[in-house]
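For reference, the structure discussed in these notes is given below.
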Amino acid sequence: MGSLGRGLALYTFVEDIEATLARATSSDVSIVEEIAANPNAGFREFTFKESNGYHVTVAEHPQW
């Protein structure tokens, strides 16, 4: 069997990134990256690791 892939990139967009981070922080997830601007994409985002080990990036689109 060949080597396994690196996983997947999962993004979800929200209207209020601060409120979403507060909900994530109070649940059973690990924050991997705090809210920061992504200059390549043009929005703010944070990443958390959920209970199965997947990294999920939450982004706030600037047009919202």
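The values are calculated or read from the model by the stated rules, or taken from the named source; none is laboratory data. Small disclaimer: the values here were computed from a predicted structure and weren't measured. Cβ coordinates were reconstructed from backbone atoms using ideal geometry, including for glycine residues, and neighbour counts include every protein chain displayed.
Tell me which residues, restricted to the stretch 33-43, are more than 10 Å from the chain's Cα centre (by Cα) and either of a type outside the set (Phe, Trp, Tyr) or over 14 Å from Glu15 (Cα atoms) (or both).
Ala36, Ala37, Asn38, Pro39, Asn40, Ala41, Gly42
Give the residue that is nearest to Arg23 (Cα to Cα), with candidates limited to residues of the stretch 36-63 that are loosely packed, with under 11 Cβ neighbours inside 10 Å and touching a residue at least 12 places away in the same chain (Cβ under 8 Å).
Of everything passing the filter in the stretch 36-63, Ser51 is nearest to Arg23 (Cα to Cα).
Is at least one residue of the stretch 8-27 assigned to a strand (DSSP E or B), surrounded by 14 or more Cβ atoms within 10 Å (Cβ to Cβ), hydroxyl-bearing (Ser, Thr, Tyr) and at pLDDT 90 or above?
no
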